[in-house]
Amino acid sequence: MTPTLVTERLLLDPYTPGDEEDFVALFQDRRVSRWMGEGPASEAADRALFRRVFTQVYARNLFDVWAVRKDGQLIGHAEIKPTEATGGHEIIYALAPAAWGAGLGTELARAVVAHGFDTLGLTEVHATVAAENTASLTLLARLGFAYVRDIQEDDGSTTRVLTRTRRTPQRP
């Protein structure tokens, strides 16, 4: 069961059926969707994806998926899930453009990484980012993610694989 996470300014909680319109609006915004998965999808595909969050991900407890809210409004999306591309758990996050530039992406990613380490007990957390997505690459570098390798995509684009290893406390 996806737990609720709380940061200074954000609430990450499981989606509710009433979130569908906001979810679709987020995923239909090309400024957001250009960086997610295979890129922009049809509205019907995004609605089907939203339904799969309930019928597959939540119903089968496959991995954690959150609605990201600020002041009660859905402003983003986040996940942490095992992926073949990384050979481990990958964080995925997106914010609506109106939320960009205020440090919320850093706050969001930090919370999901901490969940991976502290709750899921992971020793590494990964991210895959389009090489052109400098904002996300900069954010992840600030959080201690290190470049691992590039993946050449079928369309000729490059995806960067980054990893953050759990820091173990130093012994006295």
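Between Thr165 and Glu84, the FRET efficiency from the beta-carbon distance, with R0 = 22 Å, is close to 0.65.
The relative contact order of region 1-118 comes to 26 percent, based on Cα pairs under 8 Å that sit 6 or more residues apart. Here is the list for region 19-127: trypsin sites (Lys or Arg not before Pro) lying in DSSP coil, each with at most 10 other C-beta atoms within 10 angstrom of its C-beta, are Arg60. Compared with the alpha-carbon gap, the fully stretched path from Arg110 to Ser157 is longer by 14.2 nm at 0.36 nm per residue. Note on region 39-143: Cα-only Rg and Dmax are 14.1, 37 Å. Summarised in one figure, the compactness ratio Rg/Rh of region 1-58, Cα atoms and Kirkwood Rh, is 1.00. Rolling a 1.4 Å probe over the heavy atoms of the protein chains gives region 55-107 an accessible area of 46 Å² per residue. Within region 96-133, list the residues whose amide N lies under 18 Å from a label point set 7 Å along Cα→Cβ of Gln28. Residues 96-98 qualify, since their backbone N sits under 18 Å from the label point. Taking the dipole about the Cα centre of region 36-126, with the C-beta of Lys and Arg at +1 and of Asp and Glu at -1, give me whichever of Thr123, Ala48, Ala96 is farthest to the positive side. So the residue we want is Ala48. For the chain, build the charge dipole from Cβ charges (+1 Lys, Arg; -1 Asp, Glu) around the Cα centre, then report which of Met36, Val57, Thr163 sits farthest towards its positive end. Selected residue: Thr163. Rounded to the nearest whole Hz, the Karplus-based 3J(HN,Hα) values (6.51 cos²θ - 1.76 cosθ + 1.60, θ = phi - 60°) of region 9-21 follow the sequence 10, 10, 10, 10, 9, x, 4, 10, x, x, 7, 4, 5, with x at glycine and proline. Shown for the chain: the carbon plus sulfur share of the solvent-accessible area, taken with all protein chains present and a 1.4 angstrom probe, equals 50%.
Separation of region 100-133 and region 8-59 by C-alpha centroid, Å? Between the Cα centres of region 100-133 and region 8-59 lies a distance of 18 Å. Summing +1 for each Lys or Arg and -1 for each Asp or Glu among the other residues whose beta-carbon sits under 12 angstrom from that of Leu108 gives +1. Taking every Cα-Cα distance in region 39-98 and sorting them into 10 Å bins from zero, the calculated P(r) comes out as 19, 47, 32, 2 percent. Think of the chain as a dipole: +1 on every Lys or Arg Cβ, -1 on every Asp or Glu Cβ, centred on the Cα centre; then among Gly144, Met1, Leu11, Gly144 lies furthest on the positive end. Under a model in which nothing but the beta-carbon of Lys, Arg (+1) and Asp, Glu (-1) is charged, the chain shows a dipole of about 640 debye around its Cα centre.
With the cut-off at under 19 Å, measuring from each backbone N in region 13-42 to a point 7 Å along the Cα-to-Cβ line of Asp150 picks out 35. So what's the net charge close to Thr7: Lys and Arg +1, Asp and Glu -1, counting the other residues with Cβ under 9 Å from its Cβ? That works out to 0.
The mean sequence separation of alpha-carbon pairs under 8 Å and at least six residues apart, normalised by the residue count of region 24-87, gives a relative contact order of 21 percent. Spacing of the modelled spin labels on Phe117 and Ala98, each 7 Å from Cα toward Cβ, amounts to 3.3 nm.
The values are calculated or read from the model by the stated rules, or taken from the named source; none is laboratory data. Nothing here was measured: the structure is a model prediction, and the numbers come from that model. We place every Cβ from the backbone using ideal geometry, glycine too, and count neighbours over all the protein chains shown. To get the accessible areas, we keep the full protein, side chains included, count just its heavy atoms, and leave off ligands, DNA and RNA. Shrake-Rupley method; radii C 1.70, N 1.55, O 1.52, S 1.80 Å.
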